[in-house]
Amino acid sequence: MEKYFKLKENNTTIKTEVIAGITTFMTMAYILIVNPLILSETGMDFGALFTATALASIIATLVMALVAKLPFALAPGMGLNAFFAFTVVLGMGYSWQFALTAVFLEGIIFLILTFLNVREAILNCIPDNIKKAISVGIGLFIAFIGLSNSGLIVQGKGIPLALGDMGSRPVLLAVIGLLITGFLLAKKIKGALLIGIVITTVIGIPLGVTNVEGFKIASMPASLSPILFKFEWQNVFTLDMPLALI
């Protein structure tokens, strides 16, 4: 381990890396539920998405660890999944198979740009304030999706947005979940997001909001066959593909 990862040279130990790895997992494991929840809005199979999210995270993290030898955990990113579901599919009206094809092609393009160092050059040209603004914008967009799906905010009469029915159980559960997660984050408790999700899910059972049977099914590995390689190659050279791709 010392020879391969050069632990002393990097001023670390196996114990430190194990603790850091567990902490990182607890912080980002929410993606295992949130990513399938967002993408399933397009009609994709939730169980297959759950398995795909886990496998993608495992493979990417192992490549980062064993090839690049860097202590970074990787998983599907928030932002692109929301763009995939709510903009390309639900907003622009394309099928999820069409959007999946665009993402696949985009991945190939990014790999080529990375190997040629073009992607790094482009990123270096972007001012830091713009980079930070992009992260904030994505965060606000995802927050808006969550607030909208929970019913906390709705389209108002004569105004763009209004508060939802604060007496309804889904809205009440969303408020409880926000308060619990916010408290855990304020106390800097490791794994606050994941703990908040689990506690809120459990509280939702007696409230009749949590789908217990669905949660059990989604928590088990499922076949990838409903979504694996479901591309629309016939639409690659249509005028719509560059619009979604770019």
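I need the full set of residues from the range 13-29 which are in a loop (DSSP other than H, G, I, E, B) and touching a residue at least 24 places away in the same chain (Cβ under 8 Å), in order please.
The initial filter retains those residues of the range 13-29 that are in a loop (DSSP other than H, G, I, E, B), namely 13, 29.
Hit for the range 13-29 is Ala29, nothing else.
Can you pull out every residue in the range 149-159 that is in a helix (DSSP H, G or I) and at pLDDT below 85?
Step one: list which residues in the range 149-159 are in a helix (DSSP H, G or I), which gives 149-150.
Within the range 149-159, just Asn149 meets the criteria.
List the residue pairs whose Cβ atoms are under 8 Å apart, where the first residue sits in the range 228-246 and is of a type in the set (Gly, Ala, Ser), the second is in a helix (DSSP H, G or I), and the two are 6 or more positions apart or on different chains.
Ala244/Val88; Ala244/Phe98; Ala244/Ala99; Ala244/Ala102
Checking Ala244 against (1) farther than 30 Å from Ala20 by Cβ; (2) modelled with pLDDT under 85; (3) surrounded by fewer than 16 Cβ atoms within 10 Å (Cβ to Cβ), which test does it fail?
Among (1) farther than 30 Å from Ala20 by Cβ; (2) modelled with pLDDT under 85; (3) surrounded by fewer than 16 Cβ atoms within 10 Å (Cβ to Cβ), Ala244 violates only (3).
List the pairs whose first member sits in the range 173-194 and is surrounded by 12 or more Cβ atoms within 10 Å (Cβ to Cβ) and modelled with pLDDT under 90, whose second member is in a loop (DSSP other than H, G, I, E, B) and not hydrophobic (A, V, I, L, M, F, W, C), and whose Cβ atoms are under 9 Å apart, counting only residues at least 6 apart or on separate chains?
From the range 173-194, the pairs are Leu193/Tyr30; Leu194/Tyr30.
Would you point out the residue of the range 102-135, among those that are touching a helix residue (DSSP H, G or I) at 6+ places or on another chain (Cβ under 7 Å) and not hydrophobic (A, V, I, L, M, F, W, C), that is farthest from Glu41 (Cα to Cα)?
Quick first cut of the range 102-135, residues touching a helix residue (DSSP H, G or I) at 6+ places or on another chain (Cβ under 7 Å) only: 102-103, 105-106, 110, 113, 119.
Cutting the leftovers down to not hydrophobic (A, V, I, L, M, F, W, C) gives us 106, 119.
On the way: Glu106: 22, Arg119: 31 Å.
Among them, the one singled out is Arg119.
Within the range 155-170, is even one residue hydrophobic (A, V, I, L, M, F, W, C) and either touching a residue at least 12 places away in the same chain (Cβ under 8 Å) or in contact with a helix residue (DSSP H, G or I) (Cβ under 6 Å, 6 or more places away or on another chain) (or both)? Steps first, answer last, please.
At the first step, the residues of the range 155-170 found to be hydrophobic (A, V, I, L, M, F, W, C) are 159, 161-163, 166.
Checking the rest, the ones that are also either touching a residue at least 12 places away in the same chain (Cβ under 8 Å) or in contact with a helix residue (DSSP H, G or I) (Cβ under 6 Å, 6 or more places away or on another chain) (or both) come to none.
No, the range 155-170 has no match at all.
Could you check the range 18-29 and list, in sequence order, the residues that are closer than 30 Å to Lys3 by Cβ, surrounded by 14 or more Cβ atoms within 10 Å (Cβ to Cβ) and not polar (S, T, N, Q)?
Gly21, Phe25, Met26, Met28
So which pairs qualify, if the first residue must be in the range 45-70 and basic (Lys, Arg), the second must be at pLDDT below 95 and not in a helix (DSSP H, G or I), the Cβ gap must be under 9 Å, and the two must be at least 6 apart or on different chains?
Going by the 9 Å Cβ cut-off, the qualifying pairs are Lys69/Lys6.
The values are calculated or read from the model by the stated rules, or taken from the named source; none is laboratory data. All of these numbers come straight from a predicted model, not from anything done at the bench. Note that each Cβ is placed from the backbone with ideal geometry, even for glycine, and that neighbours are counted across all protein chains shown.
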